[in-house]
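Working notes, beginning with the structure itself.
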Amino acid sequence: MKEIGIGLIGTGFMGKAHAIAYRTALSAFPDIPAPRLVAVADVNTEAARKAAHQYGFESATSDWKALIANPAIQVVSITTPNSMHKEMALAAIAAGKHVHCEKPLSPTLADSLDMVKAAEARGVCTQVGFNYIKNPLLKLARQMVEAGELGEITGFRGIHAEDYMHDPQSPWTWRIDPSGGPGVIADLGSHIIGMARFLLGEIAEVSADVRTVIKQRPVARGASEMKPVEVDDVARILVQFGRGCGGTIEANWIQTGRKMQLGFELTGEKGSLVFTQERLNELLYYKAGGEARHMGFTRIESGPQHEPYGGFCVAGGHQLGFNDLKTIEMAEFLGGIAKGKSTGPDFREAYEIQKVVEAAIASSQQRNWIKV
Ligand SMILES: NC(=O)c1ccc[n+]([C@@H]2O[C@H](COP(=O)([O-])OP(=O)(O)OC[C@H]3O[C@@H](n4cnc5c(N)ncnc54)[C@H](O)[C@@H]3O)[C@@H](O)[C@H]2O)c1
């Protein structure tokens, strides 16, 4: 497969990130099929037209169904609000297209399962936008856990906190419309739950407190009319991993001052790792048992020794950014399609993440531990 036709639905924050990633992927990963930017769709015709011009798509449309029907397109990228993912993904799968869908996969677990079943029955490759785990240093962290370099793992403290909803005057948007899902636990929680699973495997049990803190918001920017908020702002989850260790996970979109506090402390009997997306080119490593006067965390800096950093830059310490992680994600997806196998996280993994989300919500409602 030399070339692969791409159709992008949605031209907002993530639509742009997908477009940049598809445009860059071949430069960093020469062995993948060349992405051909066939068409972009947005309900806003002008936005679609502008995106086509800006990102180099051959055509623009306001009709996502026409995009899916286009025979030159083999891959459909869905970057619309959550409540639209299912309908668009099922239509793309029915047309035999490979699908990249943004996270959270869908508003409910039942919807996610329908999407998994449809994709697996049709045999198409799928991917979900858990871009942060594409960081070469997170791959290193996982390798270190798997190789036993940290010894028996004894604990995990994970968090994804941002502040884009901290202002009570932040108006109603699709993010707080319950038809799009439960709130921050799915919006940000899915990233840190996915990261925890990537590093340590399945989460077996949860006990959670999930809360709406800001109880009403303006119906539109600057409006005096208020609307009650039904989705959550903060989720604090005690977790028990299948491998035996415990931990905590927090998701929070009202953490005033935090723009991207996605991170973890992972502790084992022989060592610990500390990571935050705020400094995504660094992984702190503590190795127990060394000479007392040298004890402390070592700062591992990302470089070409951490695959696939070298695809972007031959020199260490020059640093990758958010869009590079998205490029790695897309390149792995396209490379997987050429080999006939999704590299993940695919729809099934997103469904497993959603299971943790729904178990945490049930636990919070029942004030109980719940098996995932
Ligand atoms: N992976 C990540 O790190 C990350 C970050 C932000 C958002 N997201 C996810 O990406 C998705 C989109 O979020 P966003 O921040 O880009 O939203 P956004 O509001 O910036 O963009 C949504 C786009 O969808 C378009 N749209 C709406 N209805 C449409 C329709 N019927 N047909 C075609 N286009 C339509 C809108 O016009 C807009 O361009 C969400 O699922 C969100 O959770 C993921």
Worksheet entry | Output for segment 178-203, where each listed residue is more than 12 Å from the chain's Cα centre (by Cα), near the ligand (Cβ under 10 Å from one of its atoms) and in a helix (DSSP H, G or I) | GLY180
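Select from segment 161-210 the residues that are of a type in the set (D, E, K, R) and more than 30 Å from GLU225 (Cα to Cα) and list them in ascending order.
Taking segment 161-210 and keeping what is of a type in the set (D, E, K, R), we get 162-163, 167, 175, 177, 187, 197, 202, 205, 209.
Those that are of a type in the set (D, E, K, R) and more than 30 Å from GLU225 (Cα to Cα): ARG197, GLU202, GLU205.
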Practice prompt. Please indicate, with yes or no, whether at least one residue in segment 149-163 is closer than 24 Å to SER106 by Cα, surrounded by fewer than 22 Cβ atoms within 10 Å (Cβ to Cβ) and of a type outside the set (Val, Ile, Thr).
Written response: yes
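Take segment 55-69 and flag every residue that is more than 10 Å from the ligand (Cβ to nearest atom), in contact (Cβ under 8 Å) with a residue 24 or more places away in the chain and over 24 Å from the mean Cα position of the chain (by Cα). Step through it out loud before you land on a result.
In the first step, residues of segment 55-69 are kept if they are more than 10 Å from the ligand (Cβ to nearest atom); the result is 55-60, 66, 68-69.
Narrowing further to those that are in contact (Cβ under 8 Å) with a residue 24 or more places away in the chain: 55-57, 66, 68-69.
Within segment 55-69, GLY56, PHE57, ALA66, ALA69 meet the criteria.
This table checks each residue for (1) in contact with a helix residue (DSSP H, G or I) (Cβ under 6 Å, 6 or more places away or on another chain); (2) acidic (Asp, Glu).
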{"site": "HIS18", "(1), (2)": "no, no"}
{"site": "THR24", "(1), (2)": "yes, no"}
{"site": "ASP31", "(1), (2)": "no, yes"}
{"site": "VAL38", "(1), (2)": "no, no"}
{"site": "ALA47", "(1), (2)": "no, no"}
{"site": "LYS50", "(1), (2)": "no, no"}
Item to complete: Could you grab me the full set of residues in segment 117-131 that are in contact with a strand residue (DSSP E or B) (Cβ under 8 Å, 6 or more places away or on another chain) and away from the ligand (no atom under 16 Å from the Cβ)?
Response: ALA119, VAL124, CYS125
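Conditions tested, residue by residue: (1) of a type in the set (A, V, I, L, M); (2) touching a helix residue (DSSP H, G or I) at 6+ places or on another chain (Cβ under 9 Å); (3) under 17 Å from GLU265 (Cβ atoms).
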| position | (1), (2), (3) |
| --- | --- |
| MET165 | yes, yes, no |
| SER179 | no, yes, no |
| ILE185 | yes, yes, no |
| SER190 | no, yes, no |
| LEU199 | yes, yes, yes |
Response to the item:
The lone condition ILE9 fails out of (1) under 16 Å from PRO81 (Cα atoms); (2) more than 23 Å from the chain's Cα centre (by Cα) is (2)
Practice prompt. Filter segment 6-26 for residues that are small (Gly, Ala, Ser) and farther than 16 Å from CYS101 by Cα and give the result.
Written response: ALA25
Worksheet, complete the sentence: Selection from segment 321-372 of residues part of a helix (DSSP H, G or I) and of a type in the set (Ser, Thr, Tyr) yields THR327, TYR351, SER363, SER364
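Looking at the structure I just gave you, is ARG175 part of a helix (DSSP H, G or I) and basic (Lys, Arg)? Reasoning before the result, please.
Working: part of a helix (DSSP H, G or I): yes; basic (Lys, Arg): yes.
Spelling it out, ARG175 is indeed part of a helix (DSSP H, G or I) and basic (Lys, Arg).
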Worksheet item: For segment 222-281, which fully contained strands (runs of 3 or more DSSP E) count at least 2 residues that are in contact (Cβ under 8 Å) with a residue 60 or more places away in the chain?
Response: 234-241, 246-252, 261-268, 271-276
Worksheet entry | Condition broken by ALA110, with the remaining ones in (1) assigned by TED's automatic domain parsing to the domain that holds GLN240; (2) within 21 Å of ARG197 (Cα to Cα); (3) of a type outside the set (Phe, Trp, Tyr); (4) more than 16 Å from the ligand (Cβ to nearest atom) satisfied | (1)
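When you scan segment 56-94, how many residues do you find that are charged (D, E, K, R) and more than 24 Å from ASP187 (Cα to Cα)? Don't jump to the end; show me each part of the working.
First, the residues of segment 56-94 that are charged (D, E, K, R): 58, 63, 65, 86-87.
Restricting the remaining residues to those that are more than 24 Å from ASP187 (Cα to Cα) gives 58, 63, 65.
Going through segment 56-94 one residue at a time, the tally reaches 3.
Only one residue in GLU3, GLU102, GLU46, GLU87 is out of contact with any Asp or Glu (no Cβ under 8 Å at 6 or more places or on another chain), within 11 Å of the ligand (Cβ to nearest atom) and within 24 Å of LYS341 (Cβ to Cβ), so which one is that?
Working: GLU3 fails: within 11 Å of the ligand (Cβ to nearest atom); GLU46 fails: within 24 Å of LYS341 (Cβ to Cβ); GLU87 fails: within 24 Å of LYS341 (Cβ to Cβ).
After ruling out the rest, the residue left standing is GLU102.
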Fill in: Residues that are in contact (Cβ under 8 Å) with a residue 24 or more places away in the chain, in a loop (DSSP other than H, G, I, E, B) and more than 16 Å from the ligand (Cβ to nearest atom), drawn from segment 21-43
PHE29, ASP31, ILE32, PRO33
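The values are calculated or read from the model by the stated rules, or taken from the named source; none is laboratory data. Treat the numbers as computed from the prediction; the structure is a model and nothing was measured. No Cβ is skipped: glycine too gets one built from the backbone with ideal geometry, and neighbour counts run over all protein chains shown.
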